[in-house]
Each structure stands twice: as structure tokens, then as C-alpha cells.
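The values are calculated or read from the model by the stated rules, or taken from the named source; none is laboratory data. For clarity, every value in this text was computed on a predicted model and none was experimentally measured. Cβ sites come from the backbone with ideal geometry, for glycine too, and all protein chains shown count toward neighbours. SASA here: full protein model, heavy atoms, side chains in, ligands and nucleic acids out. Shrake-Rupley method; radii C 1.70, N 1.55, O 1.52, S 1.80 Å.
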Amino acid sequence: MTTAQTSVQNLLDFIDNSPSPWHAVASVEAELEKFQFIRLDETEKWQLQAGRRYYVVRDDSSIILFVPGNKPPAESGFRIIGAHTDSPGLRIRPNAAAVNDGIAQLGVEIYGGPILATFTDRDLSLAGRISYTYGDGLLAHKRVRLEKPVLRLPNLAIHMNRKVNEEGLKLHKQNELSPFFAQLTADQLPQSHFLALLEQATGIGSSQILSWDLAVYDTQKGAFWGANQEFYANSQIDNLASCHAGLQALLDTTVLNQTAGTAICAFFDHEEIGSKSHIGADGSFLADILQRISQAVSPEQEDAARALAQSFLVSADMAHAYHPNFPSAYDASHKVFVNQGPVIKSNANRRYSSESISAAHFIHWCEAAEVPYQRYSHRSDLPCGGTIGPMTSARLGIRSVDVGCPMWAMHSIRESAGVQDHEYMIKVLKQFLLS
């Protein structure tokens, strides 16, 4: 394998081990343990020590990790890579199971903006977390993953949907999205059958299980493809690829030992639904952690403000690669291509946080890392997506740039991107953390 292919194989393994935001954070934690990172508890007093590395998890699906620099934050600022752990898809309802003509189905809600048609005819399963009771009425929670395919959303045969190839597959969001999970006899209750699956997967008695956060995921593993294996495909590339790139940049030996400013990765849940939560990028999580880092070094309130004034955020989220079958979907002057480098994303209405100075900084880091770069602007007659960049930049009062690797089929259950771009992104993010 080339070094780029090795990086992407590591990424594919990371994604395959992370079928939900709760698993994604656990995958990050597993990597941090190899580098002696210390987990901090927000409910306790912090005593940060020179030469140590730390991380904080909030509600199991958002995580912030940081490496204190050789200079205090008031002198060197924070170098922050922001990304998100969640992906659009289907989530299981509280009263999950129902039976229709002997077929047990699970009720789902749409999370974010997935391409719904891509969920049909796939080998699907469930992952997330459950909350349960134990002992004398105590509460606990636990990650859960059903490894085998237990769900499927079969297509309607073309004989009953003759216009599907001309008009596209259209699924009614309330009536036609419930995946099948069992064939039951008349005396079997679907909810009990569903809870039995969770009991089997977790070892927690079904009578103890109180509630759940469960996502539908595709059990197919990630893979390389293309005549020269120059592309890769998997679920959740948006945005676990950016989380992985940021993590690999931070864990580089040079960054761990030589960075002047405090290096930070902040990976948030709930980006796909607007980030307005206590663990989302529009909440207080990052601001709270930055304030506590500053206070651990200096009690002066002004020093915390000084640190923010010279900080920088790279908001890393995936970008739309040019698709030659659909040329009218792109601005002709802003086509970006896979395997040709990270993309700087710009929008005059600040859907992205990039502006001329922050873009120039990123270009400078690309040049220093010998990484090519591209510029993207969305068509003016199409709605533009958003990122955590603008809200985080506004909340903290720091400069930010929005960047990402180009990809195809964003928000499909099976996305694709270029192998070389992932290594490019790791290199430039490392350069940024060392700046």
C-alpha cells in the first residue's frame, strides 16, 4: 500500500468501528489511550500539568481533546480543529416496534438530511446507546451495536412503481420508511421481540431497559474502488473522515511535543440538525473547555480574552466534488475534483466562515505542507449547506476557515471520496497545529 492508502485503510477501520456518534467518540478514546491522554471530568476541579495531554467527553457523543503548548494560551492562542461525529440517517422512535400483516417493523424518524432512497435494499442494523436500571433503582447507560443485519427496507417492485426510473424513488416519510425486522406469529408482541434483540446484544435484561438512542446503520464495510484503487467508499465519510484527519494530525509526534500554541480537536454531535444542544457546536462545550484551560494557567480573566484574540479555528467538513453526470449542479468556475487537494469553502452570506484573511492563512499552510488546494463556491440558485464554522467563530469571537475533502454522494448511506485527499488533509492540518 502507498502511504495514502494506508491512511485511508485506517480511516475505513475507524468508520467501520463507529456506526453511531457514541461509537465514534469511543473510537477516538481508544486512540487517545495509546498516547497517554488523561480524561477530565467536568464536575471536578482541574489541575493541568505541563507535558500532559487531556480530553473531555460530554454526553458520550461529543469530545474535545487538547495538548497544551510550550507557551501559555495568552501568548500563543488556541489552534482548533472542529468537526462533527454525527451523520444523517434514520433514528428509532421511543415506541419502536409494530406489526403489519405478520411483518414486524421499526418506526423511525429522519435525522438530518439523508438521501432516503439509498437506505433501501441494504443490509442494515442498529447502533447507539441504551439507558437502563440496575441494582436498587440506579440508572446507567451503555453503548449497543447489533453486528448482524437485522433490518431491511425493501424496494417496491417496478411492476407496482412503473415510473420509478423516470421520476425517481420517492418514499413517504411517515408511511414508507419503516424497516422490516422480523416475521411474527399472532401471539408474538413486536416490542417484546425488539427488546429481546437489545437484551441479546447488551446482556441487559429487557425489563431493565428504559430508553434508547439508536441509529440505523449499514453493515457493509468500507472499501477501495476504481481501476487503480484511487477512490474509497463507506458510510459516514461526512464527517468522520474530517474527525479522523484532525485526530491523526494532533497525534503526530511533532505536534504532541513541539507545538507552541495549545492544539485542540473538538468533535461535536448534532451538527446535522443545527448544533443547538448542550453538546453541539452552538452550545457551550468548547467555550467552557477553553475558559477552563485558560484559568488553569492564569486566573486573570483578561488572559482568557487575550488567548481567544489570537486563536484560529479550522472547521473541517466534507466538500462537494464535481460530478460529470450532473454538470448543471455546479458553478462552472468553482468545480473541485477528488484527489486534487483540500477545498476552501466560501459563501458571501456566511454559511461558511471563510473570508479573505482566513482563506489566505489556509493557502499558506497548504503551500508550507506542499499540499494542493481548491476553492469552492455553491451555485447561487441552490441552497447552500452549513457547517459548525460560522456559529463557533461567532460564539468564540475567533477567526475561522471552512475546508474539507471533496466527495461524491454526500448524505448517501454509501459515500465516496479520493484516497489522496485524506493524506493531503492530514498534512495541512498538522501544519496548521504547528503554526
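Some values worked out for this structure:
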| quantity | calculated |
| --- | --- |
| Scan of region 265-276 for residues that are in contact with a strand residue (DSSP E or B) (Cβ under 9 Å, 6 or more places away or on another chain) and either more than 14 Å from HIS84 (Cα to Cα) or open to solvent by 10 Å² or more (accessible area, probe 1.4 Å) (or both), ordered by number | HIS270, GLU271, GLU272, ILE273 |
| Every residue from region 313-355 that is out of contact with any Ser or Thr (no Cβ under 7 Å at 6 or more places or on another chain), within 23 Å of CYS366 (Cβ to Cβ) and not in a loop (DSSP other than H, G, I, E, B) | VAL314, ALA319, HIS320, VAL343 |
| Count of region 386-407 residues which are closer than 15 Å to SER346 by Cα and without any contact (Cβ under 8 Å) to a residue 40 or more places away in the chain | 1 |
| Where ASN234 falls short, out of the listed (1) surrounded by fewer than 20 Cβ atoms within 10 Å (Cβ to Cβ); (2) farther than 30 Å from LEU308 by Cβ; (3) touching a Gly at 6+ places or on another chain (Cβ under 6 Å) | (1) |
| Residue in region 112-120 that is without any contact (Cβ under 8 Å) to a residue 40 or more places away in the chain and either in contact with a Lys or Arg (Cβ under 7 Å, 6 or more places away or on another chain) or not β-branched (Val, Ile, Thr) (or both) present | no |
| Qualifying position, being part of a strand (DSSP E or B), touching a Leu at 6+ places or on another chain (Cβ under 8 Å), open to solvent by 20 Å² or more (accessible area, probe 1.4 Å) and modelled with pLDDT of 95 or more, among SER178, SER131, SER211 | SER131 |
| Criterion (open to solvent by less than 10 Å² (accessible area, probe 1.4 Å) and touching a residue at least 24 places away in the same chain (Cβ under 8 Å)) met by exactly one of LEU429, LEU434 | LEU429 |
| Single condition PRO149 does not satisfy, out of (1) within 29 Å of CYS265 (Cα to Cα); (2) in a loop (DSSP other than H, G, I, E, B); (3) touching a Leu at 6+ places or on another chain (Cβ under 8 Å); (4) open to solvent by 30 Å² or more (accessible area, probe 1.4 Å) | (1) |
| Contacts under 8 angstrom Cβ, first residue in region 31-50 being within 18 Å of LEU286 (Cα to Cα), partner part of a loop (DSSP other than H, G, I, E, B) and open to solvent by less than 100 Å² (accessible area, probe 1.4 Å), 6 or more apart | LEU40/TRP46; LEU48/PRO68 |
